[in-house]
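For reference, the structure is listed below as structure tokens.
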Amino acid sequence: MLTKPTVFSAIQPTGNLTIGNYIGALKQWNEIQKKYFCIYCIADLHSLTIYQKPNILNKNILDTLAIFLACDIDPNKNIIFIQSHVPQHTQLSWILNCFTYFGELKRMIQFKEKMLLFKNKNINIGLFNYPILMAADILLYQADKIPVGKDQIQHIEMARKIAIRFNSIYGNIFTIPEKIINPNKGSCIMSLLNPLKKMSKSDSNSNNVINLFDKIDIIRKKINNAVTDSDIPPNIIYDKTNKPGISNLLSILSNITNVSIQNLEKEFKGKIYNDLKKSVIDNLYIFLNKFQKKYSKYRENKKLLNNIIINGSHKAQKKAKITLNNINNIIGLYNKKIL
Ligand code: TRP
């Protein structure tokens, strides 16, 4: 029997998810589950690399789960689980530490950026080791495909490198994962006031982002302030290089209405930028209002959330144990079951 390839991906439960996270990741996760067997993880251990207030982290974990459900990610067809509930992640991570070089981690772009941010202050080793835990996440499930944003590509390359290195010593043990970059046109949503920069949930200026929980007044204000351009006559076409602001609005509209960018260009031919903004506002409202209602329904159902968490951790652990036992045997750790 042909089995479906396994997909693994994860998101950190750090709150404030934006329409950019939805379009760039969650919407794609939803599409991918139709074709593949998917394992979607709430990466709570990764989020500890930056200090999290305990009560907020705790709440954010459940919020993230309810967001998955509100995006119609199916916990019965796939595995949805919390990273810290499967201890094999940190166990494999230690083993992989011993197959990763200091110089390689030192060269990771995200780490170097964090170093600059921290300037002369101490930087925790979690931030340095971060890509190894990510490699463990992926390799533990023998995942074939990993949907990620551009900023995570280097981490996937690292996971591949570690797997290939391990395999070159011990034989064909790990599946070498491949990245899936979102193929949809306009899937990378940019900041509203600076459309040359990616929309980011950690942006210090909230006017740059549409949050999944924004209400109509806020949506209206933010979209009305979004940067366009001063072309005369106004021209509503998708051209990321010369018209980043308009292209970004078209991307948002296309992704939340599922009308192709090409058809939107036809629809807005000869119209002014305010017409486009009005349509983005109206459709964002329809989309987010529906999303928020669905979200609240799930978020309030603690029993359902808890069941999903328990089930998910069982299903994930079953798979994780098989890989970890195998790895332990292969590298020569003493297997107590032999006695
Ligand atoms: N580091 C990823 C992010 O911040 C989240 C993540 C953790 C992840 N483990 C992963 C993504 C494994 C893909 C595969 O976006």
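The values are calculated or read from the model by the stated rules, or taken from the named source; none is laboratory data. Fair warning: this is a prediction, and the values are worked out from it, not measured in the lab. Ideal geometry is used to build each Cβ from the backbone, glycine not excepted, and the neighbour counts take in all protein chains shown. Only protein heavy atoms, including side chains, enter the accessible area calculation; ligands, DNA and RNA are left aside. Shrake-Rupley method; radii C 1.70, N 1.55, O 1.52, S 1.80 Å.
Each row is one residue, and each column tells you yes or no for (1) without any contact (Cβ under 8 Å) to a residue 60 or more places away in the chain; (2) in contact with a Leu (Cβ under 6 Å, 6 or more places away or on another chain); (3) closer than 30 Å to THR90 by Cβ.
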{"position": "ILE236", "(1), (2), (3)": "yes, yes, no"}
{"position": "ASN274", "(1), (2), (3)": "yes, no, no"}
{"position": "LYS294", "(1), (2), (3)": "no, no, no"}
{"position": "LYS336", "(1), (2), (3)": "yes, no, yes"}
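Quick check on segment 182-190. Is at least one of its residues buried (at least 17 other Cβ atoms within 10 Å of the Cβ) and on the phi > 0 side of the Ramachandran plot?
Checked segment 182-190: at least one residue is buried (at least 17 other Cβ atoms within 10 Å of the Cβ) and on the phi > 0 side of the Ramachandran plot.
Of all residues in segment 172-205, which are free of Cβ contacts under 8 Å to residues at least 12 places away in the same chain and out of contact with any strand residue (DSSP E or B) (no Cβ under 7 Å at 6 or more places or on another chain)?
ASN172, PRO183, SER204
Scan ILE50, ILE80, ILE67 and give me the residue that is under 22 Å from ILE153 (Cα atoms), under 18 Å from the mean Cα position of the chain (by Cα) and hydrophobic (A, V, I, L, M, F, W, C).
ILE50
Among the residues of segment 21-36, count how many are buried (at least 22 other Cβ atoms within 10 Å of the Cβ) and more than 13 Å from the ligand (Cβ to nearest atom).
2
Of the residues that sit in segment 1-20 and are within 14 Å of the ligand (Cβ to nearest atom), open to solvent by less than 40 Å² (accessible area, probe 1.4 Å) and farther than 18 Å from ALA143 by Cβ, which one is modelled with the lowest pLDDT?
GLY15
Can you tell me which residue is farthest from the ligand (Cβ to nearest atom) among those in segment 155-168 that are in contact (Cβ under 8 Å) with a residue 24 or more places away in the chain and open to solvent by 30 Å² or more (accessible area, probe 1.4 Å)?
By that ranking, first place goes to ARG165.
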